[in-house]
Structure formats: structure tokens, C-alpha cells
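Have a look at the structure below before the remarks.
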Amino acid sequence: MSARRDMAVWVVVVTLTAGVGMASATNRSGCWKFADFRINWFNGGTGDYFKIYEEEARTDADAWDPFTDVLFTPVAAAGTTDHINAYNGFYGATGWLMLTDITRYSGCTIYQGRIRLNQTYLDNGSYSRTSKEILACHGIGRLLGLTTDTAGNKGCMSNTAPQPSTHDRDVVNAIY
């Protein structure tokens with residue numbers, strides 16, 4: 001892999017024109033993963049977005065952390081070691097609803113990832129709370145090492161429900 005390609009590590013953008021996904025039997029995103037199943041979770045969301053992130057990451061029975069083998073440890077501040085940092089804001093007319101990026105890594109090991117939900121679009125009245133939940137769930141799944149699920153499994157990785165599918169859970173459990 002070239003140095004330039006390494007530096008251009010994937011950035012996932014969910015655009016207004018929506019969801020072209022990569023077909024995959026397992027919807028695993030290459031070799032990307034955190035070092036182990038214990039991941040620091042910083043919820044920098046505000047207002048209802050804070051609640052949405054908590055529900056999709058930790059508090060709902062079918063959230064990533066009771067539904068899978070990953071364990072999100074809540075932390076008080078954003079960090080750079082084994083961290084998922086979640087935010088929302090008015091990022092402007094960028095063309096994206098949700099942006100997920102790996103901000104620190106070595107080889108295939110993720111040390112820091114970030115999810116951002118763009119309120120410029122999401123709060124204009126066109127998107128339901130369920131749509132926001134699906135985006136938050138999808139972003140977390142991307143940072144856990146999944147791609148968009150195009151195999152028909154109903155869940156947030158296929159953009160059809162605000163929780164991971166059983167298939168997504170099984171793939172994450174196999175990764176971690």
C-alpha cells in the first residue's frame with residue numbers, strides 16, 4: 001500500500017443521494033478493527049443526539065454494546081487511544097448527513113475514530129429520529145470494522161433499522 005493511500009485511509013460519507021454500498025458476504029471492512037473488544041466511548045453529542053448515541057452504542061438491549069462482544073467504556077473526554085468519539089453539529093451544506101473517519105491508526109489497528117452527524121440537514125424537518133438513530137448505529141458499526149450490508153440483512157448496516165442485525169452482531173463478534 002502506498003504512503004499516499006495509507007494517509008487517505010477511508011472516510012465514510014453518507015450523502016444526501018444515499019447509500020451506495022459495497023457488496024460483501026460478511027460486510028467486514030477489510031482488516032480494520034480496534035486492538036481488542038474494550039473500546040473507550042466518548043459521547044460528545046448534544047441534546048437529543050447525546051441520547052441517540054447512547055441508545056445506539058450502549059443502552060438499548062440491541063445496541064452494539066450489549067448485543068455484541070464489544071464493551072464501550074464511557075469516558076469524560078475525547079481521546080486518541082482506543083477511542084470512538086461521537087459528535088453532532090451544524091457542519092454546513094457539505095452534502096453529507098454522517099461522516100465516519102479513522103483519525104489515528106497503525107496498520108489495520110484503529111486507535112481513534114470519529115462519527116459526526118450533520119444537523120444542517122438532519123434538523124431541517126426531513127429526517128425522523130429513527131433516521132438519525134440508523135445513521136448513528138451505522139457510523140458505530142463502520143468504526144467496529146463493518147461495511148454497508150447489501151445482502152438483505154435488516155439492520156443499521158443495511159440502513160433499514162436502528163439496530164445492528166444478527167448478521168452484523170455475528171461479524172463483529174468474529175472480529176473481536
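Structural remarks
- Note on TYR111 and ARG129: their simple-model spin labels are 3.9 nm apart, each label 7 Å out from Cα toward Cβ.
- Taking the DSSP bridge list for the range 82-153 and keeping only pairs wholly inside it, about 55 percent are antiparallel.
- Fluctuation leader among THR130, THR100, THR68 - the chain, Gaussian network, Cα springs under 10 angstrom: THR130
- Where only DSSP H runs of four or more residues are counted, the chain gives -7000 deg cm²/dmol as its mean residue ellipticity at 222 nm, each run worth -39500 (n - 2.57).
- Residues HIS83, HIS138, ranked from the fewest to the most other C-beta atoms within 10 Å, line up as HIS83, HIS138.
- Pair THR26, ALA76: separation of 7 Å Cα→Cβ label points (nm): 3.9
- Where both bridge residues fall in the chain, DSSP classifies roughly 45% of the beta bridges as antiparallel.
- Most tightly packed first, judged by the mean number of other beta-carbon atoms within 10 Å of their residues, the peptides 71-82, 30-41 read 30-41, 71-82.
- Rounded Å value of the spacing that divides the Cα centres of the range 46-75 and the range 120-176: 13
FYI, it's all coordinate maths here, none of it is from the lab. From a predicted model like this one, the values you see are computed outputs, not experimental measurements. As a convention, Cβ positions derive from the backbone with ideal geometry for all residues, glycine included, and neighbour counts pool all protein chains shown.
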